[in-house]
Amino acid sequence: MVENRASAVRLGRGFWSVTLLFAVLSVLAIVFWYWTPIGIVMPVVAAQPGIQIDDLFRFMAASGSALYIFVVGYIIYFAVAFRARKGEPYDSIGVQVHDNHKLEFWWTLIPTLFVVLLSILSVRIWYGIQIAQPANGLVVEGLGHQWYYTFRYPGINGEVTGEMHLPLGQPVVLNVTSSDVIHSFWVPDIRLKADMVPGLVNTIRFTPTRLGKYPIICTEFCGTRHGWMNATIPGANGQPNPGAQFVVIDTPANFQKWYHAWQIKNAHASNALPTASTGTVSLAGGDANAGKALFAQKCSACHAIGPFSQRIVGPGLKGVLHDPSHPNLVDGDPATPADVAKILQQGYKGDIGMMPNATANGLSNKDIANLVAYLKTLK
Amino acid sequence: MSTAAVSHGGGIADHIHPEPQGFIRRYVFSIDHKIIGIQYLITGFVFLVLAGLLAEVIRTQLLHANGGFVSADTYNEVYSVHGSAMVWLVIIPLITGGFGNVIMPLQIGARDVAFPWLNMLSFWIFPVAGLMLFSSFLMGAPVAGWTEYPPMSLQAGAGTSMWAAAIFLVGVSSTLTGINFVVTMFQMRAPGMTFTRMPLFCWAQLATAPLLMIATTALAAALAALFMERQFGVPFYDPTKGGSPIMWQHMFWFYSHPAVYIMILPAFGMISEIIPTFARKPIFGYKMIAFSSMAIALAGFMVWAHHMFTSGLAPYLQLPFMILTFTIAIPTGVKIFSWVATLWGGKIHFTTSMMFAVGFLALFTLGGITGIFLAAVPFDLHVHGTYFVVAHFHYVLVGGSLMGIFAGMYFYFPKMSGRLMSEKIGKWHFWLFFIGFNGTFLPQHWLGMLGMPRRVPTYDPQFTFWNQFSSISSYVMTFAILLFFINILVSLRNGKKAGPNPWGARTLEWQIPSPPHYYNFKHIPTVYGLPYDFSQPLPYKGLEEELTDTPVAVGAH
């Protein structure tokens, strides 16, 4: 018999049987995602908070699979159960139901609740990654180049090339930027990634938890050799890939050895930029008010008038010439007006990227004197 | 009959111009929305072939871990033009300019769009821009992907400027189409065709048109700045001159995220027409589907920075973008559930069009779910810029938009040509495409999670198996698309005559001859209800003479 326009709107036994089947399959999918080793779809975890990212993935994969089983399951079931039988006239019609407010209410409410739940979960993990990491970590700076990375460590002059070593168990604050185009710093085993954007400092923070050597991969297109800025790529003709660079997680003792070796190797490396000098700057007669105006115009985009740690691009400059705890910028001694004038004149290849020199900033000798006078007033 | 009293501008719409004579005015520089729509479809499909061949260059390169099919530089050009062409020369023109033009005015009972000459201009900009984009290969095509992030795009060869100019022009074309469609839908609906009686395809176009108008202008500004920086050294993006590369990303994604909805909403609209027609029952939750299109379009403007979680967004700024992106799942879910519910209790006829529509549901849902994964900042920090992202957006754009386009072609081809497409070739097309597509893109999810970055001509040798699996599947997919074109050509000559309404559909375009006359309707009909009540008589009056030989009074009111 052909069901027709007047047929009652009700769900039969077939519907509830397949619903039960989908529920069972969903539970199996959830069990699968929670019990299977994550290694089938993810690399090993070498740092905190990688575990939490994997947990979030498990949650999303499990709930996504369950949802998908229901959607596709019902599509297949309806396609089979409600297919037009052979010989059925084309003008026979289906159940004429337009909507069902109760059903629509529930299938709006349940996804909404799911979105709330997922938001709470994601925000908590986000908080652990972005905010709640220890603040007192080892500060390392990563610089992207076409097509390699260099690193800077506190206490090592110049740049570290090749492998990037980190001590096991010590929190790391990795600040990254680029010297040319946008690169990205990704270590799949650490689960974190930061784009290296010229003129901008991005930060990722993590704590290494597993000894080993982990490939660094660039995930932002950066030119011809982008594909080889990836330590998993072998080189041509059996040679090592020159673009292969690794994060090496060492025991603290081995890390110290490596660190001292670089300190010695780079003892005479310079942090100053080679620039054309504008002659000797006379600091006498600097006008702090003029310097203040100039600071707002030329410097405030990158430097805050706050503690050293208040970084915009460069460090905060409050107390730069007064506070002995203010880190030493140039040669290891407390900053003097002459040092500051020298940085202003010659620029500085600083912690992160570059501070432009007087030529790039358009500063005259008089301007430098005024700025130094102003910086002296910041206590 | 008098319609002027109830019609918006019915007086204008009632006036019939004589049909232009001569090949050029009829088929080349036509102002007829149906011809323009078909011009969009033909041009878009030509670009689909070209961009599809580029895709096969990509997959052939990736057959081996160390590449070797083309050089790295050529490879970079190939995927950049592939992505740009697929977005701007294939999906957007096919789904807005193509189907929107052919179907929308017919569905609202209008004789043309509001600005037919503007429509002609919109179309003719598009092939010119397409030729410009492909000609960039002659001077060093863009290399930095379809997103062309500076400073990389500032370093690249001269073709990048050509790219910027070409995309700018396509943007002008899109903007004009958006304006045209909004005015048409506001001013030219037949009497009685209230917004709450409008077919869902028109609702989808109504949600899309503001995106075309508003978002595209942001892209135009960004492209103009890129062009000026490259050609005249005006520093917008170069950080060494005080520019900001991040500004490009914001401007680009402020367009390109809504563009995702430009590409998918009209497909939603076609699915909403096809599923009730072949299930022989009303669309479930008409109002919720219409409303959710608008909700998606509106929310689509507020989530762009989820493409930039690793770019250097202030951490707290990541939260609103993450959570707003999650919320888009709600209206999208409502749509999917409504379509599935429409299948329930139907008398489902599995024509090729319906198979593509149902296939769309399965594939788009998967792409939507992985979209939620990517919106979650912690997970995105791992998979951003990897093949996981590539897999996700191909599920949405190929499994979603392109499947929708195929469904729409099998559905509307009889209306456009008067002939049915071959169901036999169509079913081969569907199954090979469905299998080939999943084989190509499903493995890319885990390739990305395990560590394969995107936009690379070489990869870790341990990923060889799944890459070869993907490449070979992509050849199957390409073969399926070849069948589709063969089907079109064969059916144009030898297809069964369709008659006015081969599917028993109830929207207005099916109540007039196939192909429709130049003037569409002899008399503008009056509409009394929704088009989806299969148990009721058609809710139109004034269509009595449409299928008769009564001549139409040209120039009459």
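In segment B:47-75, how many residues are among the polar types (S, T, N, Q), under 22 Å from B:Pro443 (Cα atoms) and within 13 Å of another protein chain (Cβ to nearest Cβ)? Don't jump to the end; show me each part of the working.
Taking segment B:47-75 as the starting set, the residues that turn out to be among the polar types (S, T, N, Q) are B:60-61, B:66, B:71, B:74.
In the following step, the residues that additionally are under 22 Å from B:Pro443 (Cα atoms) were identified as B:60-61, B:66.
Pick out the ones that are also within 13 Å of another protein chain (Cβ to nearest Cβ) and you get B:61, B:66.
Total meeting the criteria: 2.
How many residues, within segment B:329-354, are of a type outside the set (Val, Ile, Thr), farther than 24 Å from A:His101 by Cα and more than 19 Å from the chain's Cα centre (by Cα)? Quick ask: steps written out before the conclusion?
First, pick out the residues of segment B:329-354 that are of a type outside the set (Val, Ile, Thr): B:329, B:331, B:333, B:335, B:337-339, B:341, B:343-347, B:349-350, B:353-354.
Subset that is farther than 24 Å from A:His101 by Cα: B:349-350, B:353-354.
Narrowing the set further to residues that are more than 19 Å from the chain's Cα centre (by Cα) leaves B:349-350.
Residues flagged as of a type outside the set (Val, Ile, Thr), farther than 24 Å from A:His101 by Cα and more than 19 Å from the chain's Cα centre (by Cα) within segment B:329-354 amount to 2.
Out of all the residues in segment A:249-264, is one or more crowded, with 19+ Cβ neighbours inside 10 Å, at pLDDT 95 or above and part of a loop (DSSP other than H, G, I, E, B)?
no
Got at least one residue in segment B:270-280 being touching a residue at least 12 places away in the same chain (Cβ under 8 Å), at the interface with chain A (Cβ under 8 Å from one of its Cβ atoms) and not small (Gly, Ala, Ser)?
Step one: of segment B:270-280, the residues touching a residue at least 12 places away in the same chain (Cβ under 8 Å) are B:270-280.
Restricting the remaining residues to those that are at the interface with chain A (Cβ under 8 Å from one of its Cβ atoms) gives B:279-280.
If we keep only those that are not small (Gly, Ala, Ser) as well, we get B:280.
Within segment B:270-280, one or more residues are touching a residue at least 12 places away in the same chain (Cβ under 8 Å), at the interface with chain A (Cβ under 8 Å from one of its Cβ atoms) and not small (Gly, Ala, Ser).
Given the criterion outside any helix (DSSP H, G or I) and of a type in the set (A, V, I, L, M), identify the matching residue among B:Val490, B:Val456. Spell out how you get there, then give the answer.
On the way: B:Val490 fails: outside any helix (DSSP H, G or I).
Criteria check complete, one pass: B:Val456.
So, A:Lys193, is that one under 17 Å from the mean Cα position of the chain (by Cα) and of a type in the set (D, E, K, R) or not?
Values: under 17 Å from the mean Cα position of the chain (by Cα): yes; of a type in the set (D, E, K, R): yes.
When the stated conditions are applied, A:Lys193 passes them.
Going by the structure shown, is B:Ser471 within 28 Å of B:Cys202 (Cα to Cα) and of a type in the set (Ser, Thr, Tyr)? Give the derivation first.
Details: within 28 Å of B:Cys202 (Cα to Cα): no; of a type in the set (Ser, Thr, Tyr): yes.
In short, no.
Among the residues of segment A:95-145, write down those that are facing chain B (nearest Cβ under 9 Å), more than 27 Å from A:Leu56 (Cβ to Cβ), of a type outside the set (S, T, N, Q) and in contact (Cβ under 8 Å) with a residue 12 or more places away in the chain.
Within segment A:95-145, A:Val95, A:Val97 meet the criteria.
I'd like the full set of residues that are part of a helix (DSSP H, G or I) and more than 12 Å from B:Val334 (Cβ to Cβ), limited to segment B:295-314. Spell out how you get there, then give the answer.
Quick first cut of segment B:295-314, residues part of a helix (DSSP H, G or I) only: B:295-302, B:304-307.
Matches in segment B:295-314: B:Ala297, B:Leu298, B:Ala299, B:Gly300, B:Phe301, B:Met302, B:Trp304, B:Ala305, B:His306, B:His307.
Given the criterion part of a loop (DSSP other than H, G, I, E, B), in contact with a Lys or Arg (Cβ under 6 Å, 6 or more places away or on another chain), within 14 Å of another protein chain (Cβ to nearest Cβ) and closer than 30 Å to A:Ser178 by Cβ, identify the matching residue among B:Gly145, B:Gly157. Please lay out each step first, then the result.
Values: B:Gly157 fails: in contact with a Lys or Arg (Cβ under 6 Å, 6 or more places away or on another chain).
Of B:Gly145, B:Gly157, the one residue that is part of a loop (DSSP other than H, G, I, E, B), in contact with a Lys or Arg (Cβ under 6 Å, 6 or more places away or on another chain), within 14 Å of another protein chain (Cβ to nearest Cβ) and closer than 30 Å to A:Ser178 by Cβ is B:Gly145.
When the residues of segment B:281-323 are narrowed to those that are crowded, with 22+ Cβ neighbours inside 10 Å, within 9 Å of another protein chain (Cβ to nearest Cβ) and under 24 Å from the mean Cα position of the chain (by Cα), which ends up nearest to B:Ala209 (Cα to Cα)?
Restricting to residues being crowded, with 22+ Cβ neighbours inside 10 Å, within 9 Å of another protein chain (Cβ to nearest Cβ) and under 24 Å from the mean Cα position of the chain (by Cα), the top hit is B:Tyr286.
Just wondering, is there one or more residues in segment B:103-111 that are in a helix (DSSP H, G or I), over 15 Å from the mean Cα position of the chain (by Cα), modelled with pLDDT under 95 and buried (at least 24 other Cβ atoms within 10 Å of the Cβ)? Even if it seems obvious, please write down each step before you answer.
First pass over segment B:103-111, keeping only residues in a helix (DSSP H, G or I): B:103-107.
Next, only the ones that are over 15 Å from the mean Cα position of the chain (by Cα) stay: B:105-107.
The next check asks that each one be modelled with pLDDT under 95; those that pass are none.
Within segment B:103-111, not a single residue is in a helix (DSSP H, G or I), over 15 Å from the mean Cα position of the chain (by Cα), modelled with pLDDT under 95 and buried (at least 24 other Cβ atoms within 10 Å of the Cβ).
Counting only residues that are in a strand (DSSP E or B) and either more than 7 Å from chain B (Cβ to nearest Cβ) or not small (Gly, Ala, Ser) (or both), how many does segment A:178-228 have?
Restricting attention to segment A:178-228, the residues satisfying the condition of being in a strand (DSSP E or B) are A:178, A:183-187, A:192-196, A:202-208, A:212-215, A:217.
Those still in the list that are either more than 7 Å from chain B (Cβ to nearest Cβ) or not small (Gly, Ala, Ser) (or both) too: A:178, A:183, A:185-187, A:192-193, A:195-196, A:202-208, A:212-215, A:217.
Residues that pass the stated criteria total 21.
Checking the condition crowded, with 18+ Cβ neighbours inside 10 Å and touching a strand residue (DSSP E or B) at 6+ places or on another chain (Cβ under 7 Å), which residue from B:Ser474, B:Ser491 passes? So that I can check it myself, show each step before the final result.
Values: B:Ser474 fails: touching a strand residue (DSSP E or B) at 6+ places or on another chain (Cβ under 7 Å).
Every option except B:Ser491 fails the conditions.
Give the residue that is farthest from A:Trp126 (Cα to Cα), with candidates limited to residues of segment A:28-68 that are more than 9 Å from chain B (Cβ to nearest Cβ), without any contact (Cβ under 8 Å) to a residue 12 or more places away in the chain and in a helix (DSSP H, G or I).
The selected residue is A:Leu28.
Mind counting the residues in segment A:229-240 that are under 26 Å from the mean Cα position of the chain (by Cα) and either more than 7 Å from chain B (Cβ to nearest Cβ) or among the aromatic types (Phe, Trp, Tyr) (or both)?
Here the count works out to 2.
Residue-wise test of (1) more than 11 Å from every other protein chain (Cβ to nearest Cβ); (2) part of a helix (DSSP H, G or I); (3) aromatic (Phe, Trp, Tyr).
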{"residue": "B:Gly333", "(1), (2), (3)": "no, yes, no"}
{"residue": "B:Phe364", "(1), (2), (3)": "no, yes, yes"}
{"residue": "B:Phe393", "(1), (2), (3)": "yes, yes, yes"}
{"residue": "B:Pro414", "(1), (2), (3)": "yes, yes, no"}
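Every residue in segment A:207-226 that is within 21 Å of A:Ile190 (Cβ to Cβ), buried (at least 17 other Cβ atoms within 10 Å of the Cβ) and either more than 20 Å from the chain's Cα centre (by Cα) or among the aromatic types (Phe, Trp, Tyr) (or both), please.
Correct list: A:Tyr214 only.
So is A:Ile93 within 22 Å of B:Phe379 (Cβ to Cβ) and either touching a His at 6+ places or on another chain (Cβ under 9 Å) or of a type outside the set (Ser, Thr, Tyr) (or both) or not? Working first, answer last.
Working: within 22 Å of B:Phe379 (Cβ to Cβ): no; either touching a His at 6+ places or on another chain (Cβ under 9 Å) or of a type outside the set (Ser, Thr, Tyr) (or both): yes.
For A:Ile93, the condition - within 22 Å of B:Phe379 (Cβ to Cβ) and either touching a His at 6+ places or on another chain (Cβ under 9 Å) or of a type outside the set (Ser, Thr, Tyr) (or both) - is not met.
Would you check which residues across segment B:211-259 are outside any helix (DSSP H, G or I), out of contact with any Lys or Arg (no Cβ under 6 Å at 6 or more places or on another chain) and within 14 Å of chain A (Cβ to nearest Cβ) and list them? I'd like the intermediate steps shown before the answer.
Keep residues of segment B:211-259 that are outside any helix (DSSP H, G or I), which gives B:233-238, B:242-244.
Then keep just the ones that are out of contact with any Lys or Arg (no Cβ under 6 Å at 6 or more places or on another chain); that gives B:233-234, B:236-238, B:242-244.
Result: B:Phe236, B:Tyr237, B:Asp238, B:Gly242, B:Gly243, B:Ser244.
Taking interchain pairs and intrachain pairs at least six residues apart, which have beta carbon atoms under 8 angstrom, with the first residue in segment B:205-233 and surrounded by fewer than 18 Cβ atoms within 10 Å (Cβ to Cβ) and the second of a type in the set (Val, Ile, Thr)?
B:Thr217/B:Thr175; B:Met228/B:Val234
The values are calculated or read from the model by the stated rules, or taken from the named source; none is laboratory data. Here the structure is a predicted model, which means the values were calculated and not measured. Here the Cβ is made from the backbone with ideal geometry for all residues, glycine too, and neighbour counts use every protein chain on show.
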